[in-house]
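> Submitted below is the structure of interest, expressed as structure tokens.
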There are 2 protein chains.
Amino acid sequence: MSYKDKIAVVGAGCTNFGENFEQSYQDLIYQAALEACQEAGIEFTDINAAWLGTAFPDAGVYKGRSGMDLAEALGVFDIPITRVSNYCATGGDAFRNACNSLLAGQHDVVLALGVEKLRDRTPTESIVKMMVDAGHPIYQKGFTAAGTFAVFATRHFNKFGTTREDLSLISVKNHKHALHNPKAHIRKELSLEDVMRSPMVAYPITLMESCPTTDGAAAVVLTRSEDAKKYNPDNKVMVKGHGFSVSTGWDLPFYDPHFDFTGFRATEIASRTAYKHAGVSDPYKEIDFAEVHDCFSIVELLTYEDLGFIEKGSGKKLIQEGITEHGGDIPVNVSGGLLSCGHPVGATGIRMLYELVRQLQGHAGKRQVIDAKLGLAHNIGGPGAVASVTLLGI
Amino acid sequence: MSYKDKIAVVGAGCTNFGENFEQSYQDLIYQAALEACQEAGIEFTDINAAWLGTAFPDAGVYKGRSGMDLAEALGVFDIPITRVSNYCATGGDAFRNACNSLLAGQHDVVLALGVEKLRDRTPTESIVKMMVDAGHPIYQKGFTAAGTFAVFATRHFNKFGTTREDLSLISVKNHKHALHNPKAHIRKELSLEDVMRSPMVAYPITLMESCPTTDGAAAVVLTRSEDAKKYNPDNKVMVKGHGFSVSTGWDLPFYDPHFDFTGFRATEIASRTAYKHAGVSDPYKEIDFAEVHDCFSIVELLTYEDLGFIEKGSGKKLIQEGITEHGGDIPVNVSGGLLSCGHPVGATGIRMLYELVRQLQGHAGKRQVIDAKLGLAHNIGGPGAVASVTLLGI
């Protein structure tokens with residue numbers, strides 16, 4: 001069944017993303033939920049059920065193993081609260097399960113909230129360290145996140161003639177966008193040279209092409225469409241489509257002879273499902289703007305292709321010709337993306353929805369996309385294994 | 001909206017519970033899913049979506065952070081797979097979200113699977129150690145699981161005259177039941193003396209009143225009721241009701257002056273929702289048998305009361321008079337419960353559903369409850385904070 005126009009986003013909230021040392025995990029939850037609930041015209045106690053997305057409790061502050069941590073933060077009890085985790089696509093998955101509960105008629109007003117507090121831990125206690133110590137099948141061989149995605153980059157270079165400049169231009173663009181996003185972690189204009197000369201993390205990915213480690217939370221309040229105006233008389237934002245797919249594992253990209261390291265099948269599958277819901281046949285023409293998962297510059301470029309904005313291998317054109325810049329035909333990551341906003345893992349998917357909502361409402365300030373009517377949020381996790389694609393529109 | 005008769009359990013599977021050193025996390029998933037899918041008459045690739053319940057990847061084998069781990073184990077890709085965690089109520093929550101997706105019309109055949117592999121790690125790497133090291137707010141003060149539930153026991157002794165014997169009788173009963181459950185971890189008859197004289201873990205809870213640390217997995221295949229016979233022509237088992245509630249946090253039981261340590265509000269709320277769905281007004285009379293969360297003997301006794309089988313304070317009567325024994329009016333934990341089956345955290349809630357299914361089908365062998373028409377599964381997590389109650393019936 002299509003999600004189209006069945007669910008409304010009646011409120012959205014987002015904390016500042018960054019080194020939020022002065023805020024606890026619970027504080028972050030509270031702040032994001034408060035903004036979302038105030039917009040929806042509800043008290044916390046009006047929430048019927050919630051989905052909490054936190055991916056790495058043990059790499060963060062040892063919070064977020066259970067829905068209980070959201071209940072404590074908001075002082076909301078006696079309702080069902082599920083904790084969801086699906087690597088970096090955690091936020092999109094929390095949203096999906098919240099939508100299902102509304103379509104199932106189990107609840108009337110629900111909260112989907114993503115949060116991660118990662119800056120309190122030292123690098124020696126990082127996710128990578130934890131994975132390596134635990135004998136992760138590929139991390140200890142150098143296939144960390146950067147190491148894995150780097151292989152996609154060199155493969156793209158070899159097969160399609162993409163260059164280091166193309167990737168670095170993506171970082172330049174997203175950092176420029178972030179200058180107008182007061183909630184972004186990094187707000188600093190970077191030249192092409194700044195990006196290319198920044199330290200190499202895993203060739204060809206440089207430090208400035210890698211998203212920072214960040215604290216943050218984001219939330220959306222959802223209702224069935226017919227109830228939306230009861231909560232938010234100005235509501236215009238509806239779910240137009242959604243797709244979610246788990247399309248590979250840790251080992252498969254390395255052992256599957258058909259896996260060619262040029263894109264993410266999960267994104268293809270998830271986006272085609274979302275397009276089907278929304279009746280989108282030409283994503284390039286019909287989608288007005290997108291927030292995509294640019295954890296590393298190469299991932300944004302691959303995503304242009306996987307989403308069908310352009311044919312496989314030609315992603316570089318969209319960045320070279322300024323098409324995905326603010327003011328271009330299909331602006332991508334006008335928020336600054338993960339490269340500038342940072343990536344509090346569980347929060348990212350919902351932070352993208354927050355950006356879509358503010359754009360569709362015409363409340364995005366200086367980063368407003370003109371005539372924004374249909375926006376796409378793309379969230380990917382694991383070695384490109386898990387993808388969530390959501391279309392919101394007015 | 002009530003779940004009553006809208007969803008059918010067309011297949012159920014469960015591994016042996018125990019020290020499964022010879023099986024990997026993935027092997028356990030595979031075995032439980034295979035039994036469930038074979039019963040449902042489907043291949044793994046017929047599954048439209050899945051929910052994976054694993055509570056403690058970092059206390060187990062570092063698997064189960066994402067739906068990807070289920071995809072890899074079954075070789076099933078390009079579908080949505082959510083990983084859910086909610087402490088010891090993880091299994092019940094995976095089931096709930098799977099049900100919602102069916103009611104939402106998003107999928108036709110879904111899998112809810114719980115798995116945990118805990119025996120591979122040494123006690124020094126245990127959950128308790130991990131929590132204490134991480135500065136858990138109450139664990140390091142002695143309020144571990146046993147330590148917390150012990151307070152409920154002494155409070156019950158003081159307020160209602162319950163005794164150590166009453167609690168130990170619960171363990172004697174459940175170990176006796178397990179003699180007829182080939183999948184239980186511990187199958188050994190224990191005398192009252194054996195239980196009472198076993199080492200004290202946290203007064204008054206003895207070792208034999210504490211569930212063991214166990215590996216295992218369990219799975220159910222679900223469809224909407226109208227589709228059930230297409231998959232399983234003999235299918236009779238329907239969801240009659242379900243409730244889920246998060247009703248307190250880690251700190252609250254210790255700081256809320258109204259919290260009196262005599263029961264679990266989460267169980268009360270969740271069970272009343274489930275009863276409402278099913279139209280149950282007198283649970284003692286209408287429910288034929290139950291699987292409840294006896295992680296420690298006291299929890300089973302409190303649950304008799306919280307579920308409304310008997311008034312608060314009188315739970316001891318049900319055990320003293322043999323009412324919850326096999327052959328009694330309302331047999332509880334004929335599987336052997338957590339005390340004998342063990343408690344692979346994410347799997348337990350689904351293992352209970354497996355037991356309900358086999359009983360309702362009349363396929364429970366020597367532990368068959370006569371005339372089993374309506375069964376209850378009760379799963380609780382955190383400091384009694386999170387509860388799931390499911391009613392299955394024919």
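No value in this document is a laboratory result; all are computed from the given coordinates. Just so it is clear, the model here is predicted, and its values are computed rather than measured. Neighbour counts run over all protein chains shown; Cβ positions are idealised from the backbone, glycine included.
> Between the DSSP loop rule and a limit of at most 16 other Cβ atoms within 10 Å, which GluC sites (Glu not before Pro) in the range A:297-394 are left? Mind dumping the intermediate values first?
Working: sites: A:300, A:305, A:311, A:321, A:325, A:355; in loops: A:311, A:321, A:325.
Sparse-neighbourhood loop GluC sites (Glu not before Pro): A:311, A:321.
> Determine the principal axes of the Cα atoms in the range B:306-393, then give the extent along each, sorted from largest to smallest and rounded to whole angstroms.
Taking the Cα atoms of the range B:306-393, the three principal extents are 34, 32, 23 Å.
> From a point 7 Å beyond the Cα of residue B:314 in the direction of its Cβ, which residues of the range B:275-293 have a backbone N at a distance under 18 Å?
It comes to B:281-287, nothing else.
> Also, quick follow-up: Nearest 0.05, what FRET efficiency do residue B:321 and residue A:120 give at R0 = 41 Å with Cβ-Cβ as r?
Efficiency at R0 = 41 Å is approximately 0.15.
> In addition: Are there any chymotrypsin sites (Phe, Trp or Tyr not before Pro) in the range B:164-259 that are in a DSSP loop and have at most 16 other Cβ atoms within 10 Å? List them by number. Walk me through the numbers before you get to the answer.
Details: sites: B:231, B:244, B:250, B:254, B:255, B:259; in loops: B:250, B:259.
Those satisfying the criteria are B:259.
> If you take every residue apart from residue B:170 with its C-beta less than 9 Å away from the C-beta of residue B:170, what net charge results, scoring Lys and Arg +1 and Asp and Glu -1?
On the way: positive: B:173; negative: B:166, B:209, B:294, B:300.
Charge balance in the 9 Å sphere: -3.
> Follow-up question, since we're still on this one. From the helices alone, meaning DSSP H stretches of at least four residues, give me the mean residue ellipticity at 222 nm for the protein assembly as shown, per-run term -39500 (n - 2.57), in deg cm²/dmol to the nearest 500.
Per the formula, -10500 deg cm²/dmol.
> Report the residue, chosen from B:166, B:194, B:306, that carries the largest GNM mean-square fluctuation when chain B is represented by alpha-carbon nodes joined by springs under 10 Å.
B:194
> For the range A:151-161, in order, what is each residue's ³J(HN,Hα) by Karplus, 6.51 cos²θ - 1.76 cosθ + 1.60 with θ = phi - 60°, in whole Hz (x at glycine and Pro)?
5, 5, 5, 5, 5, 5, 4, 5, 8, 10, x
> I would also like to ask the following. List, in order, the whole-Hz ³J(HN,Hα) value for each residue of the range B:2-9 obtained from phi through the Karplus relation with A = 6.51, B = -1.76, C = 1.60 and θ = phi - 60°; use x for Gly and Pro.
After applying 6.51 cos²θ - 1.76 cosθ + 1.60, I find 6, 7, 3, 6, 8, 10, 10, 9 Hz.
> Just order B:199-206, A:100-107, A:291-298 by mean Cβ neighbour count inside 10 Å, highest at the front, would you?
Peptide ranking by packing, descending: A:291-298, A:100-107, B:199-206.
> Please report the antiparallel percentage of the DSSP beta bridges confined to the protein assembly as shown, to the nearest 5.
75 percent
> Report the Stokes-Einstein translational diffusion coefficient (µm² s⁻¹, integer) for the protein assembly as shown, Rh taken as the Kirkwood radius over Cα pairs, at 25 °C with viscosity 0.890 mPa s.
In µm²/s, the coefficient is 94.
> Counting other C-beta atoms within 10 Å, which of B:121, B:96 has the fewest, and how do the rest follow? Intermediate values should be presented prior to the final figure.
Numbers: B:121 19, B:96 28.
With the sparsest Cβ surroundings first, the list reads B:121, B:96.
> Between residue A:56 and residues 5 or more places away or on another chain, which pairs have amide H atoms under 5 Å apart, with H built 1.01 Å from N, and which residues are they?
A:346
> Which value results when the Cα radius of gyration for chain A is divided by 2.2 N^0.38 Å? Can you show the working numbers first?
Numbers: Rg = 19.2 Å, N = 394, 2.2 N^0.38 = 21.3 Å.
Expressed relative to 2.2 N^0.38 Å, the Cα Rg reads 0.90.
> Separate question: For A:113, A:353, which order do you get if you count the other beta carbons within 10 Å of each Cβ and list the fewest first?
A:353, A:113
> Sticking with this structure for a sec: How large is log10 of I(q)/I(0) for the range A:158-206 at q = 0.24 Å⁻¹ when the intensity is taken from the Debye formula with one equal scatterer per alpha-carbon?
-0.89
> May I ask you to compute the full-extension gain from residue A:133 to residue A:188, defined as 0.36 nm times their residue separation minus their alpha-carbon distance, rounded to one decimal in nm?
Working: separation 55, 0.36 × 55 = 19.80 nm, distance 3.50 nm.
Working it through step by step, the gained length comes to 16.3 nm.
> Among the listed pairs B:230/B:373; A:236/A:366; B:176/B:366, which are separated by more than 18 Å between their Cα atoms?
Over 18 Å apart, Cα to Cα: B:230/B:373; A:236/A:366.
> Would you please give the residues with an amide H less than 5 Å from that of residue A:18, counting only those at least 5 places away or on a separate chain, with H modeled from the backbone geometry?
A:215
> Loop-only chymotrypsin sites (Phe, Trp or Tyr not before Pro) in the range B:18-52, please: DSSP not H, G, I, E or B, and at most 16 other Cβ atoms within 10 Å.
B:21
> Can you list the HN-Hα couplings for the range A:28-45, worked out from phi with the Karplus curve (6.51, -1.76, 1.60; θ = phi - 60°), rounded to whole Hz and with x for Gly and Pro?
The phi angles translate into 4, 4, 4, 5, 5, 5, 4, 4, 5, 6, 4, 5, 7, x, 10, 8, 3, 6 Hz.
> Would you mind working out the magnitude of the charge dipole of the range B:170-306 relative to its Cα centre, with +1 at each Lys and Arg C-beta and -1 at each Asp and Glu C-beta, to the nearest 20 Debye?
My answer is approximately 580 debye.
> Let me ask you something else. Quick one: order A:15, B:148 by neighbouring beta-carbon count within 10 Å, fewest to most.
B:148, A:15
> Another question, if that's okay. Any idea how far the Cα center of the range A:1-69 sits from the one of the range A:245-313, in Å?
About 27 Å separates the Cα centre of the range A:1-69 from the one of the range A:245-313.
> Which far-off residues, 5 or more places away or on another chain, put their amide H under 5 Å from the one on residue B:237, with H placed in the peptide plane?
Amide H neighbours of residue B:237: B:9.
> Residue B:44 to residue B:394: FRET efficiency via 1/(1 + (r/R0)^6), r the Cβ-Cβ distance, R0 30 Å, to the nearest 0.05?
On the way: r = 27 Å, r/R0 = 0.90.
According to the calculation, E is roughly 0.65.
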